[in-house]
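In what follows, a structure is listed as structure tokens, so that the remarks can point back to it.
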Amino acid sequence: MDPELQKMKEVVLVYLDRSGGLQKFVHDCKKYNDSKQSYAVYRFIISINPSDIAELDATLGNYILHNPLQAAQIFQSVCFVAIKTLSLIEQLQTEAQISILLKPTHLPPLPSYVLSLSAYPFNYTSQRFYISEGIVIAMGTVTKYTQGARFLCTEETCLFSEGRFRCIRVHCPGATESATVRTDFVCSLCSSPLREDMKFRVLGDKQIVEIIDAKILNALKGYSIDKSHFRIQAFTLFLRDELVHKMTIGNHYRIIGIPACVQNGLQVTACIEVNSVQLYKPNDPSFVSDNFKFLLSLTSSSCWRFTAVLANIFASQVIPPGTYNTLKLAILLSLVQTCEKENADYLDLLIMTSDTLVIDRLLNYSLCLLPRGIRHPPSSDIFPSVSKDKHGTGSASIQACSAVLAKGGICYIGDLSSYKKDKLELLQSVLESRTTTVFIPGKKYGEEADQQVTVSVQTNFWSFVDVDSSSKKHTQKENFLIGQMDLSLIPVNLVDGFGLLIYNELPSGRLSSPVVHHILKKAINPEAMLYKASQQFTTQDYEEFILFARNLHVELSSEAESLIQGYYLASRRVRRDSIHGSTLSASALKILISLAKAHAKLSLRQTVLEEDAVIAVLLLESSLTLKHGTSALCVAPNPVFPFDLSDENSLQQRDMYLMQCHHQLLKFIAAYSPGIHINTNEE
């Protein structure tokens, strides 16, 4: 035996003993031995720390990293000797029956071990370990593949025709089913045809997944500061056995695997045989810019001023400061209420406007403040769809969509009135349950029974309705209540599904003078910084601020909770009719809490105060007034920003106005929800 090979085998045994791998191997062998059943292949998974191996023997460490298939054969030989020496599996006959899967815990943090899905050239010919990452955009259903099979020679006088495990075929990374099992294998001893002994075939689970580089998110945003050009292509992954169902559509993963080429007819596809899967967690900034810190200290005398100034100067790159303040505050609140948790506080926005161009620009710009801001293209599906797998398996593949790719972010779906009834009904169902169900007909995709797959939709939705366009499509009603809008073009339940309904009313039915001047100046010089606020608070500053604020963990104070509950109960009693009962939707309480928490996050606080609850109530009451008309609380048409913010005096005036609203709210709760105890401050 080669002395170097013998040394590597000794190192393997030492490493398995020190790392606890030998104990696990013995435990796995016991399971096979206890079953008393003979298998063509006995499969073992061995976890490898490349750093520890390299310290013991650099040659073996290099072998594992750059020749993993040959390294697995060394482990196979050591494991076979261990089984025979310790009598661990009585049924085992030959070394070829052992299948070893090496799983490295990590790879060296060097560029040569990174396989970029968007870089050229793509090195898929060297069968060694690489690390890569991407977003799952398609997932196939689980099918079977052959882990290993036993073959016998058809010539009766041949030694390989006996019932021993001499001819074993084992799956290798990237190999197709035909490479393991087919009918044209010949005996290596007498060249006679081989036949498979079917009772010894070992099957495993297989799932085909497609991922794409995260850079695709930049291409799916409606507006982007990054002007670089790049080519992106989806890439195929094979998940096998214990890795099946380890990935979720829409998630971002980091994987270790071996690239390979799979031939399907005349087509050759580059793929990765996945070895390990890890959910990718981006490092959000742990700070805000100095300008925001200074602004926070300047406005610390009031719980309302900081967010007011934030909204006032927000998006000055696309619209003038001081315009659309209520809408901009709602956008900021929605942005900080984005995360990938199952039971997150969502905040969806529906905007009624006759100024679709400016609103569209504002929403497009706002999307770019999040890593997962997706503008839905009208030609594609909002929610997942099913198609036939293109790798020749004939099974179903669930395709991602705008809503799934926007996981933990914003999905901007454009003009709501442009969608057909079936799409609106599906959207309403998703807004209510935050899940969508994909139906897979078994007959069409080679399955015995139909399947239903539930996909989680964890995103905020933004949309708008063109008031001028919708008014031309139908006859408007005449029996409106005070403050109520004509929303008959959109299903009532769908309107209730959106957390906030905002009416962006234009003064005198036309654009304001500052907006017109801004549009004209930007048309002449698109790169110009028209306002000092754009220089002091850049887009990058807002990006960092949003990513920091949305990760804050906030808790409701008892005072804020009492105020929210009191308003909710009082509104249910006030907003009633004799036929349908209360017109307040069941989700209103969740929306109130979400708004209050969002305002606390936007204020960089971890406790929701009464002041946050007051803003939440005013925004929701304004939304309810547009839907159902005014109530006994009787808020102004623009209750959060009743007048322009031009200087500190206007901020002081707004504080006094909001304090009056707070006092009015307490009186409303005392009158219509007397069972709720609210602490009132007489001063």
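The values are calculated or read from the model by the stated rules, or taken from the named source; none is laboratory data. Computed from a predicted model, the values in this text were never measured in an experiment. Because the Cβ atoms are built from the backbone with ideal geometry, glycine has one as well, and the counts that use them run over all protein chains shown. These accessible areas exclude ligands, DNA and RNA; they are computed on the full protein's heavy atoms, side chains included. Shrake-Rupley method; radii C 1.70, N 1.55, O 1.52, S 1.80 Å.
Rounded, prolate or oblate: pick one for region 585-655, where a ≥ b ≥ c are the square roots of the eigenvalues of its C-alpha gyration tensor, a/c under 1.5 means rounded, and failing that, prolate if a/b is larger than b/c, else oblate. Walk me through the numbers before you get to the answer.
On the way: a/c = 2.68, a/b = 1.15, b/c = 2.34.
Oblate, since a/c reaches 1.5 and b/c is not below a/b.
At the listed q of 0.14, 0.18, 0.21, 0.24 Å⁻¹, the Debye profile of region 357-461, built from one uniform point per Cα, gives log10 I(q)/I(0) equal to -0.62, -0.92, -1.13, -1.31. Computed over protein heavy atoms with a 1.4 Å probe, the accessible surface of region 354-442 works out to 37 Å² per residue. Taking the accessible area of region 1-106, probe 1.4 Å, and keeping the other protein chains in place, the carbon and sulfur fraction comes to 52%. Near residue 167, the amide H atoms lying under 5 Å from its own belong to 151; only residues 5 or more places off or on other chains count, and H is placed 1.01 Å from N. Taking amide H positions as modeled 1.01 Å from N, with prolines and chain starts lacking one, no residue 5 or more places away or on another chain lies under 5 Å from residue 406.
Residue pairs exceeding 32 angstrom between C-alpha atoms, taken from 206/341; 281/532; 221/388; 390/420; 281/521; 103/597: 281/532; 281/521; 103/597.
Peptide packing for 163-173, 191-201 was compared via the average number of neighbouring C-beta atoms within 10 Å per residue; ordered from the highest value, the list is 163-173, 191-201.
Can you pull the semi-axes for the chain, root of five times each eigenvalue of the Cα gyration tensor, sorted largest first, whole Å?
Values: eigenvalues 748, 144, 120 Å².
That gives 61, 27, 24 Å for the three semi-axes.
Based on the alpha-carbon gyration tensor of region 353-419 and its eigenvalue square roots a ≥ b ≥ c, which shape applies: rounded if a/c is under 1.5, prolate if not and a/b is larger than b/c, or oblate? Prolate shape, in that a/c is at least 1.5 and a/b is the bigger ratio.
Rank by packing, highest mean first: peptides 279-287, 347-355, 6-14, with packing defined as the count of other Cβ atoms within 10 Å averaged across residues. Please list the in-between numbers first.
On the way: 279-287: 10.6, 347-355: 22.7, 6-14: 16.8.
Answer by packing, highest mean first, reads 347-355, 6-14, 279-287.
Looking at the chain, send over the antiparallel percent of its DSSP beta bridges, to the nearest 5. Write out the running numbers ahead of the final one.
Working: 56 of 86 bridges.
The answer is about 65 percent antiparallel.
Working note: Karplus 6.51/-1.76/1.60 with θ = phi - 60° gives region 135-142 the couplings 9, 6, 10, 7, 9, x, 6, 6 Hz, where Gly and Pro are set to x. Of all aspartates and glutamates in the structure, those lying under 16 Å Cα to Cα from residue 443, and not within fewer than 8 positions of it along the same chain, are 389.
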